[in-house]
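Step one of this worksheet: look at the structure below.
The values are calculated or read from the model by the stated rules, or taken from the named source; none is laboratory data. Bear in mind the structure is a predicted one, so any value in this text is a computation, not a measurement. Glycine also receives a Cβ, built like all others from the backbone with ideal geometry; neighbour counts cover every protein chain displayed. Ligands, DNA and RNA are stripped out before the accessible areas are found, and what is left, the full protein with its side chains, is counted by its heavy atoms. Shrake-Rupley method; radii C 1.70, N 1.55, O 1.52, S 1.80 Å.
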Amino acid sequence: MRLSDLEIFVTAPPPPGWGGRYWIFVKLTTDCGITGYGEVYAASVGPEAMRAVIADVFARHMQGETPENIELMFRRAYSSGFTQRPDLTVMGAFSGLEMACWDIIGKAHDRPVHALLGGRMNARIRSYSYIYPLPGHDMAAFWTSPELAAESALAMVEQGFTALKFDPAGPYTLRGGHQPSMRDIETSAAFCREIRRAVGDRADLLFGTHGQFTTDGAIRLGRRLEEFDPLWFEEPIPPDNLLEFARVAQAVRIPVATGERLTTKAEFATLLRTGGASILQPALGRSGGILETKKIAGMAEAFNAQMAPHLYAGPVEWAANLQLAANIPNLLVVETIGTGGDFHQQLIGNAITWEEGFIHAPEAPGLGIALDEELARAHPYTGTGLHLEMQEAPCNYAEGNSFIGGAPPVEA
């Protein structure tokens with residue numbers, strides 16, 4: 001059984017774009033006709049450029065190889081061009097292709113991927129989601145309204161969620177870390193207060209940021225939020241200085257979580273060695289794939305750290321996350337997008353079963369899904385923006401800042 005053919009789909013979810021502006025799916029076919037699907041999360045170049053990278057990685061390191069030789073193919077991609085270091089774009093391409101290899105292997109053996117990784121550890125997988133607007137909510141007002149967020153939080157808890165994420169501390173700027181404005185600090189505290197008041201002790205609060213603060217700015221914000229006892233303080237500083245995470249972790253009495261923008265065990269190892277994070281959030285479409293992320297989970301286990309696989313992408317990465325989550329002993333929670341979202345589930349034939357805040361461990365062969373290729377092709381991406389983007393304007397200290405959820409069109 002050898003890898004023979006590659007097909008790439010770039011699919012745009014309908015507005016408001018929960019999960020990003022587009023998703024990149026790959027389909028691998030073997031010489032004996034078995035197909036496998038994967039998803040590439042890397043998004044630092046446009047989708048057409050990424051198509052070329054994916055095709056190059058496949059042709060150079062994987063085509064003609066047996067899909068079982070994942071370790072060998074990983075080392076080829078990781079070392080390509082005499083690099084032998086984490087390369088976000090190359091490893092992103094490999095991550096999606098690697099998922100597809102596991103999908104093929106599982107189908108060839110008629111077993112779910114988690115059975116091939118060491119078996120099922122978790123039959124029910126705890127899930128969390130961002131808090132999204134309810135029908136009738138003003139979309140523009142929602143992202144800065146503690147009261148509307150609390151209404152949505154209560155509705156989600158009533159669906160069964162036991163953990164909820166929100167990120168009112170914006171903005172996300174390409175200028176790197178900044179000091180939060182006092183208005184943003186107090187808005188963040190108000191969100192925590194109102195959501196805690198609404199849900200009580202029925203759910204953990206997951207405070208999301210995306211690397212927008214300086215180390216000292218993150219510490220100021222984190223200390224303000226301690227009284228609300230969030231389960232985590234997510235990516236409080238930019239991911240390009242891994243050593244600074246330890247300063248935040250030592251100064252704030254909220255567990256630090258991070259990892260969605262990191263790739264391979266080489267980067268995660270630094271966080272673990274320095275005590276920079278106790279909750280790791282790899283995105284499997286960027287971190288190196290399923291096997292590499294299982295290694296990251298193994299390292300985390302030795303440091304008494306937990307795993308919370310990240311998802312702001314499409315349903316194929318979601319399926320891969322669940323295979324890993326079913327297997328590892330140090331799972332904390334997995335990210336979902338609501339209860340899967342209509343378009344997410346439609347693309348995979350409603351293959352993932354979610355019940356009262358928990359997802360059932362998949363039992364079908366491979367990743368446990370089949371991509372609806374016709375539906376994926378019917379929603380091509382025609383925009384010019386990247387999957388997600390940061391703003392150029394700096395933090396507004398005079399008039400406040402507004403965060404818009406989802407991935408609206410660039411022109412909006």
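Odds and ends about this structure:
Rundown of residues vs (1) assigned to a loop (DSSP other than H, G, I, E, B); (2) under 28 Å from Thr187 (Cα atoms); (3) open to solvent by 20 Å² or more (accessible area, probe 1.4 Å); (4) among the acidic types (Asp, Glu), yes/no style:
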residue	(1), (2), (3), (4)
Ala326	no, no, no, no
Ala351	yes, no, yes, no
Gly383	yes, no, yes, no
Pro394	yes, yes, yes, no
Asn401	yes, yes, yes, no
Gly405	yes, yes, no, no
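- Residue match in region 47-58 (condition: closer than 26 Å to Leu242 by Cβ, crowded, with 24+ Cβ neighbours inside 10 Å and within 20 Å of the chain's Cα centre (by Cα)): yes
- Filtering region 328-342 to residues that are surrounded by fewer than 21 Cβ atoms within 10 Å (Cβ to Cβ) and at pLDDT 95 or above leaves Pro329, Asn330, Leu331.
- Per-region count, region 232-246, residues open to solvent by less than 40 Å² (accessible area, probe 1.4 Å) and assigned to a loop (DSSP other than H, G, I, E, B): 6
- Tally, over region 96-155, of residues that are touching a Pro at 6+ places or on another chain (Cβ under 7 Å) and open to solvent by 50 Å² or more (accessible area, probe 1.4 Å): 6
- Failed criterion for Met62 (all others in (1) hydrophobic (A, V, I, L, M, F, W, C); (2) more than 30 Å from Pro329 (Cα to Cα); (3) loosely packed, with under 15 Cβ neighbours inside 10 Å; (4) in contact (Cβ under 8 Å) with a residue 12 or more places away in the chain hold): (3)
- Pairs where the first residue, in region 81-103, is closer than 16 Å to Ile34 by Cβ and the second is open to solvent by 10 Å² or more (accessible area, probe 1.4 Å) and basic (Lys, Arg), C-beta under 7 Å, 6+ apart: Ala100/Lys27
- Those residues of region 9-45 which are open to solvent by 30 Å² or more (accessible area, probe 1.4 Å) and within 16 Å of Arg377 (Cα to Cα), in sequence order: Pro14, Arg21, Lys27
- Single residue of region 232-268 satisfying the filter (within 23 Å of Ala93 (Cβ to Cβ) and polar (S, T, N, Q)) that is farthest from the chain's Cα centre (by Cα): Thr264
- Picking from residues in region 252-271 that are in contact (Cβ under 8 Å) with a residue 40 or more places away in the chain, among the small types (Gly, Ala, Ser) and not in a loop (DSSP other than H, G, I, E, B), the one that is farthest from Glu71 (Cα to Cα) is Ala257.
- Which listed residue is among the aliphatic types (A, V, I, L, M) and in contact with a Lys or Arg (Cβ under 8 Å, 6 or more places away or on another chain), from Ala198, Ala189, Ala155: Ala189
- Neighbours by Cβ (under 6 Å, 6+ apart or cross-chain): first from region 113-129, of a type in the set (Gly, Ala, Ser); second not in a loop (DSSP other than H, G, I, E, B): Gly118/Asn327; Ser127/Val334; Ser127/Thr336; Ser127/Ile359; Ser129/Thr336
- Some residue of region 67-83 being farther than 22 Å from Lys265 by Cα, at pLDDT 95 or above and assigned to a loop (DSSP other than H, G, I, E, B): no
- Residue check for Leu205: among the aliphatic types (A, V, I, L, M), farther than 18 Å from Trp143 by Cα and touching a residue at least 40 places away in the same chain (Cβ under 8 Å): no
- Residue within region 173-186 that is without any contact (Cβ under 8 Å) to a residue 60 or more places away in the chain, surrounded by 20 or more Cβ atoms within 10 Å (Cβ to Cβ) and under 27 Å from Gly275 (Cα atoms) present: no
- Enumeration of residues in region 283-309 that are touching a Phe, Trp or Tyr at 6+ places or on another chain (Cβ under 6 Å) and either touching a residue at least 60 places away in the same chain (Cβ under 8 Å) or assigned to a loop (DSSP other than H, G, I, E, B) (or both): Ala283, Gly285, Arg286, Ile290
- Listed by first and then second residue, the pairs linking a residue in region 220-248 that is acidic (Asp, Glu) to a residue that is open to solvent by 60 Å² or more (accessible area, probe 1.4 Å), with Cβ atoms under 8 Å apart and 6 or more places separating them unless they lie on different chains, are Glu226/Arg253; Glu235/Arg261.
- Hits in region 191-217 (condition: open to solvent by 10 Å² or more (accessible area, probe 1.4 Å) and over 16 Å from Phe233 (Cα atoms)): Glu194, Arg197, Ala198, Gly200, Asp201, Arg202
- Subset of region 273-282 [part of a helix (DSSP H, G or I) and either out of contact with any Leu (no Cβ under 8 Å at 6 or more places or on another chain) or among the acidic types (Asp, Glu) (or both)]: Arg273
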